[in-house]
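Quick notes on the structure that follows.
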Amino acid sequence: MTLNNGSKKSGGKIYVVTSGKGGVGKTTTTASLGAALALRGQRTLVVDADIGLRNLDVILGLENRIVFNLVDVAKGHCKPAQAIIKSKKSNNLFLLPASQTDDKDVVSEEEVKSVLDQYRREFHYILVDSPAGIEQGFKNACSGADSALVVTTPEVSAIRDADRVIGLLAAKGIEPHLIINRIDAEMVRKGDMLSVKDVQEILGIDLIGVVERDDQIIVAANYGEPVVYNPKSKAGIAYQNIAGRLCGEMIPIEDVLSDTLWGRLGKRLGIG
Amino acid sequence: MLKAIRSWFQTEGRDKSKASARSRLSFVLVQDRTGLNNDELASFKKEMIEVIERYFVIDESGFDIDYKRHSDTTTLVINSPIVVRRQDMPTMSGVGSEAKRKSSRAVSE
């Protein structure tokens, strides 16, 4: 297999998925993008760096298959190949789970970096799900990353924390790309939610995707199957598009407003 | 009439709670990005106004400080609406002599 996606180092590209604030959709984004990349034939590893509070395993429906974890690999308790779990849905998607019983400080930045480097050759893409916050867990998750996917929702608190994280990533020389999650077209139209343009202007970094609020995310999480397998889900399509952009395809950012009833009508009448 | 219909279909720009979110965010982000606290920011603003007022009559209500991030740099943007140039210019040497008679002035970091 040849791995060629523009990475300077040999092997795949490592992205940290981060946000500062908790609950904005980091884990869902990691799982969905991982599945979407795998659907495109990219061999992808998703890594749960939230030691002590792991969740990527349940989002992917792999919670009952865990034997070893990231800490075991870092400490040499098992071989790297023994710790990763293949997804039920795809032969290209693998999970490296976090330890649920350890503390965040049990591994160092160097150890995490060395673990990721051991997998880099085997995968096209490695997505590292960062814990919330900007402390040790965040630093660990960033330690091996080439680039970052910063997830935010169109809310004051989430954007503020994203801004803080962007500053910290800049100091580490990690290039950030923005994903705006849970946008509600109808609320934006009414002027009750910051628009994609607003958030982009405020944060001032490259926008790589916009994901609309979608009930199917919760349904998918209930089943433990990433939302990208649901062809009717708007969020699923949005994640597919982000995966395409990560692979270098020129896919325009979705215009969420054109999809509201009034947006469609207005467009049809030529006054939107 | 057409205007009313247009505004009904208009996709963005209505000033509702989003306007409040934007202005609160820009306030809090200037604090976060500069690392200056409320008092420091207030005294910075006061001193900047004092310097500019030696040379220009300005509209203080429109005075605004922003801290903008671009892809590779961060810029401190001081926006000061100038009403008129002062006639009784001070004779102090060096201070602010390069201030241009423009409504906005960027001091790069």
Quick one: check the C-alpha center-to-center distance for the stretch B:58-87 versus the stretch A:54-127, whole angstrom.
-> 49 Å
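At 1.4 Å probe size, put A:Glu135, B:Glu40 in order of accessible surface, largest to smallest.
Values: A:Glu135 115, B:Glu40 85 Å².
Accessible-area ranking of A:Glu135, B:Glu40, largest first: A:Glu135, B:Glu40.
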If you put +1 on each Lys and Arg Cβ and -1 on each Asp and Glu Cβ, how big is the dipole of the stretch A:13-269 around its Cα centre, in Debye rounded to 20?
-> 720 debye
Given springs between every Cα pair under 10 Å in a Gaussian network model of chain A, which of A:Ile202, A:Ile85, A:Ile217 has the largest fluctuation?
-> A:Ile202
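Relative contact order, percent, of the stretch A:7-102 when contacts are C-alpha pairs under 8 Å separated by at least 6 residues?
Working: 132 pairs, mean separation 29.7, N = 96.
In percent, rounded to a whole number, it is 31.
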When every protein chain stays in place and a 1.4 Å probe is rolled, A:Ile159, A:Ile84 sorted by accessible area with the largest first are A:Ile84, A:Ile159
Point-charge dipole on Cβ atoms (K/R +1, D/E -1) for the stretch A:91-244, about Cα centre, debye to 20 = 380 debye
In Å², nearest 10: area of A:Lys139 left accessible to a 1.4 Å probe | 80 Å²
How much accessible surface area, in Å² rounded to 10, belongs to the heavy atoms of B:Arg85 with a 1.4 Å probe?
-> 120 Å²
Once the whole set of protein chains is in place, how much accessible area is left on A:Asp103, using a 1.4 Å probe, in Å² to the nearest 10?
-> 90 Å²
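Let me know the whole percent of all Cα-Cα pairs from chain A that are separated by more than 26 Å. Present the calculation step by step, with values, prior to reporting the outcome.
Numbers: 14119 of 36856 pairs.
For chain A, the fraction of Cα-Cα distances above 26 Å is 38 percent.
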Shape call, the stretch A:58-211: gyration tensor on alpha carbons, a/c limit 1.5 | prolate
Relative contact order for the stretch A:70-125 using alpha-carbon pairs under 8 Å, separation at least 6, rounded to a whole percent?
-> 37 percent
Length-normalised contact order for the stretch A:13-269 - Cα pairs under 8 Å, 6+ apart - percent = 24 percent
Leaving out ligands and nucleic acids, note down the accessible area per residue over chain A with a 1.4 angstrom probe, in whole Å².
-> 42 Å²
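Which percentage, to the nearest 5, of the DSSP beta bridges contained in the stretch A:13-269 is antiparallel? Spell out each step's value before the answer.
Working: 2 of 32 bridges.
Close to 5 percent.
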Would you mind getting me the FRET efficiency between B:Gln31 and B:Glu60? Use the beta-carbon distance for r and R0 = 30 Å, nearest 0.05.
-> 0.90
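The values are calculated or read from the model by the stated rules, or taken from the named source; none is laboratory data. The shown structure was predicted, so the numbers you read here are calculated from the model rather than taken from an experiment. FYI the Cβ positions are ideal-geometry reconstructions off the backbone, even for glycines, and counts take in every protein chain you see. The accessibility values were calculated without ligands, DNA or RNA, using every heavy atom of the protein model including side chains. Shrake-Rupley method; radii C 1.70, N 1.55, O 1.52, S 1.80 Å.
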